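Worksheet for the structure shown next.
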Amino acid sequence: MEKNVFIILPAYNEARIIASIIAEVRSLYPSFHVVVVDDCSRDTTAYEARRAGADVIRHSINLGQGAAVKTGIAYALAKGAEYIVNIDADGQHSVAEIPLLLAPLFENSADIVLGSRFLASKSNVPPIRRVVLKAGILFTWFFSGIRLSDTHNGFRAQTRNAAQKIIINENRMAHASEILHEIVRHDLRFCEVPVTVRYTSYSKQRGQRSTNALHIVRRLLWRKMFLE
Ligand SMILES: Nc1nc2c(ncn2[C@@H]2O[C@H](COP(=O)(O)OP(=O)(O)O)[C@@H](O)[C@H]2O)c(=O)[nH]1
Ligand SMILES: [Mg+2]
């Protein structure tokens, strides 16, 4: 029987590339639903995504990637999704690798599957980004007690049940840490699979600045000290 899979792409100003990613998903996996959450882009992301055949939800102000992931998941759950995949909309992730993330879910050996660029040697991670990401891994180990090889990768897949349990409150990039915290809190079964993250001139020109990691750490420590 066909599985009800939703692919969610949080997108901000990705008009140049979004249609090609959607086309690839639709040609490789015709039965999957594709949802783009356009976070009030200043370009024609929403138009391009709709034209390429995705369901498009648009935030009327820019809220951040975490908020977009949350919106996309809520939409997919409301539409009856059984499996939900998150993938970046800037072409850094490989659409062809989606089945690697779904396999452990289909076998019922995990509730959530996390892509890891450090389990495979295929990713051309720039040196500074590598150091920041490795620091993030250590920080996550301290903060959430979860030991992973890659903690800030937007390529992940989860079951409906996991998506219903995981609560995202962090609107911006700290949501990646928050999801890991939620995995521990709900004792969800997780695993990592090797994925490729491509660093292209397009992605590097637009991606997060490494200094943003400091804001994430500050925010999470603040939460740990005062809100938990
Ligand atoms: N919804 C939303 N998505 C964003 C925002 N900023 C970035 N993104 C998307 O999130 C994904 C990853 O963002 P990016 O800046 O490339 O992060 P990096 O790859 O970790 O440097 C891409 O698909 C972006 O389009 C935002 O403010 N809102
Ligand atoms: Mg990126």
Here is a list of conditions, (1) within 14 Å of ligand 1 (Cβ to nearest atom); (2) crowded, with 24+ Cβ neighbours inside 10 Å; (3) of a type in the set (A, V, I, L, M, F, W, C), and residue 84 meets all of them except one; can you say which number that is? (1)
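If a residue counts only when it is free of Cβ contacts under 8 Å to residues at least 40 places away in the same chain and over 23 Å from residue 9 (Cβ atoms), which helices (runs of 4 or more DSSP H) contained entirely in the range 119-228 have at least 2 such residues?
Helices (runs of 4 or more DSSP H) meeting the threshold: 127-144, 175-185, 212-226.
Would you mind finding the one in 172, 156 that is of a type in the set (D, E, K, R), in contact with a helix residue (DSSP H, G or I) (Cβ under 9 Å, 6 or more places away or on another chain) and within 13 Å of residue 113 (Cβ to Cβ)? Even if it seems obvious, please write down each step before you answer.
On the way: 172 fails: within 13 Å of residue 113 (Cβ to Cβ).
That would be 156, the only listed residue that is of a type in the set (D, E, K, R), in contact with a helix residue (DSSP H, G or I) (Cβ under 9 Å, 6 or more places away or on another chain) and within 13 Å of residue 113 (Cβ to Cβ).
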Any hit, the range 187-205, residues being within 16 Å of ligand 1 (Cβ to nearest atom), basic (Lys, Arg) and under 18 Å from residue 109 (Cα atoms): no
Failed item in (1) surrounded by 23 or more Cβ atoms within 10 Å (Cβ to Cβ); (2) touching a Ser or Thr at 6+ places or on another chain (Cβ under 7 Å), with residue 184 passing the rest: (1)
Could we say that residue 23 is surrounded by 22 or more Cβ atoms within 10 Å (Cβ to Cβ) and out of contact with any His (no Cβ under 8 Å at 6 or more places or on another chain) here? no
Would you check which residues across the range 192-228 are more than 16 Å from ligand 2 (Cβ to nearest atom) and modelled with pLDDT of 80 or more and list them? 192, 193, 194
Has the range 134-157 got any residue that is under 25 Å from residue 6 (Cα atoms), surrounded by fewer than 19 Cβ atoms within 10 Å (Cβ to Cβ) and modelled with pLDDT under 90? no
Do we have any residue at all in the range 17-38 that's of a type outside the set (Val, Ile, Thr), within 16 Å of ligand 2 (Cβ to nearest atom) and touching a residue at least 40 places away in the same chain (Cβ under 8 Å)? yes
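Looking at residue 14, is it touching a residue at least 40 places away in the same chain (Cβ under 8 Å), buried (at least 17 other Cβ atoms within 10 Å of the Cβ) and charged (D, E, K, R)? Can you show your working first?
On the way: touching a residue at least 40 places away in the same chain (Cβ under 8 Å): yes; buried (at least 17 other Cβ atoms within 10 Å of the Cβ): yes; charged (D, E, K, R): yes.
Criteria met by residue 14.
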If we keep just the residues of the range 1-56 that are β-branched (Val, Ile, Thr) and part of a helix (DSSP H, G or I), which is farthest from residue 157 (Cα to Cα)? 45
Result of the Cβ filter at 6 Å on the range 62-75, keeping first residues that are at positive phi and partners that are outside any helix (DSSP H, G or I) and surrounded by fewer than 21 Cβ atoms within 10 Å (Cβ to Cβ), at least 6 apart or interchain, is 64/171; 64/172
Can you tell me which residues in the range 87-125 are within 16 Å of ligand 1 (Cβ to nearest atom) and touching a Phe, Trp or Tyr at 6+ places or on another chain (Cβ under 6 Å)? 87, 93, 115, 124
Please find, among 5, 25, 56, the residue that is modelled with pLDDT of 95 or more and closer than 21 Å to residue 166 by Cβ. 5
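The values are calculated or read from the model by the stated rules, or taken from the named source; none is laboratory data. All figures in this text were calculated on a predicted structure; none of them were measured in a lab. Using ideal geometry, Cβ is built from the backbone for each residue, glycine included, and neighbour counts are taken over all protein chains shown.
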